[in-house]
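Following: one structure in C-alpha coordinates, then a few remarks.
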Amino acid sequence: MELWERDYLDLEVPAFLRFRADRSGEFQFGAVRGWIDYRVTDRDGAKAVEFSWEGESEGDALCGRGWASLERGRLVGRLFIHNGDDSSFVAERMRRGPGVRRRRLGGA
(Lines give C-alpha, C1' and ligand atoms only; values in the text may rest on other atoms or scores of the structure.)
Protein backbone atom coordinates (compact mmCIF):
# COMPACT_ATOMS: atom_id res chain seq x y z
CA MET A 1 0.00 0.00 0.00
CA GLU A 2 1.37 3.38 -0.90
CA LEU A 3 0.46 5.19 2.35
CA TRP A 4 1.50 2.72 5.03
CA GLU A 5 4.81 0.98 5.72
CA ARG A 6 5.12 -2.83 5.81
CA ASP A 7 5.65 -2.77 9.61
CA TYR A 8 2.24 -1.11 10.04
CA LEU A 9 0.49 -3.33 7.48
CA ASP A 10 1.36 -6.46 9.47
CA LEU A 11 0.89 -4.86 12.91
CA GLU A 12 -1.80 -7.25 14.25
CA VAL A 13 -1.91 -10.02 11.62
CA PRO A 14 -0.29 -10.43 8.20
CA ALA A 15 -2.20 -7.94 6.00
CA PHE A 16 -4.77 -9.66 3.78
CA LEU A 17 -7.69 -9.14 1.41
CA ARG A 18 -10.25 -11.92 0.85
CA PHE A 19 -13.13 -12.13 -1.63
CA ARG A 20 -15.69 -14.94 -1.25
CA ALA A 21 -17.91 -16.38 -3.99
CA ASP A 22 -21.03 -15.00 -2.24
CA ARG A 23 -19.97 -11.36 -3.00
CA SER A 24 -18.67 -10.78 0.51
CA GLY A 25 -15.17 -10.54 1.86
CA GLU A 26 -12.90 -8.99 4.43
CA PHE A 27 -9.54 -7.34 4.81
CA GLN A 28 -7.16 -6.27 7.51
CA PHE A 29 -4.06 -4.13 7.50
CA GLY A 30 -2.54 -2.56 10.59
CA ALA A 31 -5.34 -1.76 13.03
CA VAL A 32 -7.92 -1.41 10.21
CA ARG A 33 -10.36 -4.28 9.65
CA GLY A 34 -13.23 -4.22 7.17
CA TRP A 35 -16.05 -6.37 5.82
CA ILE A 36 -16.69 -6.16 2.09
CA ASP A 37 -19.76 -6.21 -0.15
CA TYR A 38 -18.60 -6.41 -3.80
CA ARG A 39 -19.88 -6.62 -7.34
CA VAL A 40 -18.06 -7.85 -10.45
CA THR A 41 -17.87 -5.25 -13.21
CA ASP A 42 -15.74 -4.12 -16.16
CA ARG A 43 -13.08 -1.48 -15.62
CA ASP A 44 -11.21 -0.18 -18.66
CA GLY A 45 -12.22 -3.32 -20.60
CA ALA A 46 -11.07 -5.79 -17.92
CA LYS A 47 -12.97 -7.70 -15.25
CA ALA A 48 -12.82 -6.01 -11.87
CA VAL A 49 -14.56 -5.80 -8.53
CA GLU A 50 -15.98 -2.67 -6.99
CA PHE A 51 -16.80 -2.81 -3.31
CA SER A 52 -18.10 -0.96 -0.32
CA TRP A 53 -16.94 -1.84 3.15
CA GLU A 54 -17.58 -1.15 6.80
CA GLY A 55 -15.24 -1.84 9.64
CA GLU A 56 -13.24 -0.39 12.48
CA SER A 57 -9.85 0.77 13.64
CA GLU A 58 -8.97 0.75 17.33
CA GLY A 59 -12.67 0.79 18.26
CA ASP A 60 -13.64 3.62 15.89
CA ALA A 61 -16.20 2.83 13.17
CA LEU A 62 -14.99 3.25 9.59
CA CYS A 63 -16.48 2.70 6.14
CA GLY A 64 -15.47 3.28 2.57
CA ARG A 65 -15.23 1.87 -0.90
CA GLY A 66 -12.68 0.46 -3.31
CA TRP A 67 -11.96 -1.39 -6.51
CA ALA A 68 -9.54 -4.05 -7.71
CA SER A 69 -8.61 -5.80 -10.95
CA LEU A 70 -6.19 -8.53 -11.97
CA GLU A 71 -3.01 -7.37 -13.66
CA ARG A 72 -0.26 -9.86 -14.50
CA GLY A 73 -1.47 -12.30 -11.83
CA ARG A 74 -1.66 -9.68 -9.07
CA LEU A 75 -4.68 -7.86 -7.69
CA VAL A 76 -4.20 -4.12 -8.12
CA GLY A 77 -6.62 -1.57 -6.75
CA ARG A 78 -7.43 1.33 -4.48
CA LEU A 79 -9.03 1.48 -1.04
CA PHE A 80 -10.86 4.60 0.15
CA ILE A 81 -11.72 5.44 3.77
CA HIS A 82 -14.82 7.67 3.89
CA ASN A 83 -13.74 11.23 4.77
CA GLY A 84 -10.17 9.99 5.21
CA ASP A 85 -7.16 8.50 3.47
CA ASP A 86 -7.06 6.47 0.29
CA SER A 87 -4.28 4.24 -0.95
CA SER A 88 -3.40 2.08 -3.91
CA PHE A 89 -2.56 -1.54 -3.14
CA VAL A 90 -1.10 -4.63 -4.76
CA ALA A 91 -2.07 -8.06 -3.46
CA GLU A 92 -0.51 -11.41 -4.32
CA ARG A 93 -2.27 -14.75 -4.03
CA MET A 94 -1.52 -16.74 -0.87
CA ARG A 95 -3.80 -19.75 -1.22
CA ARG A 96 -7.02 -20.76 -2.89
CA GLY A 97 -9.79 -22.88 -1.45
CA PRO A 98 -13.39 -23.58 -2.43
CA GLY A 99 -15.15 -20.23 -2.79
CA VAL A 100 -12.29 -18.33 -1.12
CA ARG A 101 -9.67 -16.12 -2.70
CA ARG A 102 -7.17 -14.71 -0.25
CA ARG A 103 -4.47 -12.28 -1.24
CA ARG A 104 -1.65 -10.82 0.77
CA LEU A 105 -1.55 -7.04 0.67
CA GLY A 106 1.74 -5.50 -0.23
CA GLY A 107 3.41 -2.42 -1.62
CA ALA A 108 2.32 -0.61 -4.74
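Contact map, region 78-93: residues that are aromatic (Phe, Trp, Tyr) paired with residues that are outside any strand (DSSP E or B), Cβ distance under 6 Å, separation 6+ or inter-chain. Pairs shown: PHE89/MET1.
Checking every residue in region 38-47 against the condition of being at pLDDT 95 or above, in contact with a Gly (Cβ under 8 Å, 6 or more places away or on another chain) and assigned to a strand (DSSP E or B) gives at least one match.
The values are calculated or read from the model by the stated rules, or taken from the named source; none is laboratory data. Because the structure is a prediction, the values reported are computed rather than measured. For neighbour counting, all protein chains shown are included, and Cβ atoms are generated from backbone atoms with ideal geometry for every residue, glycine included.
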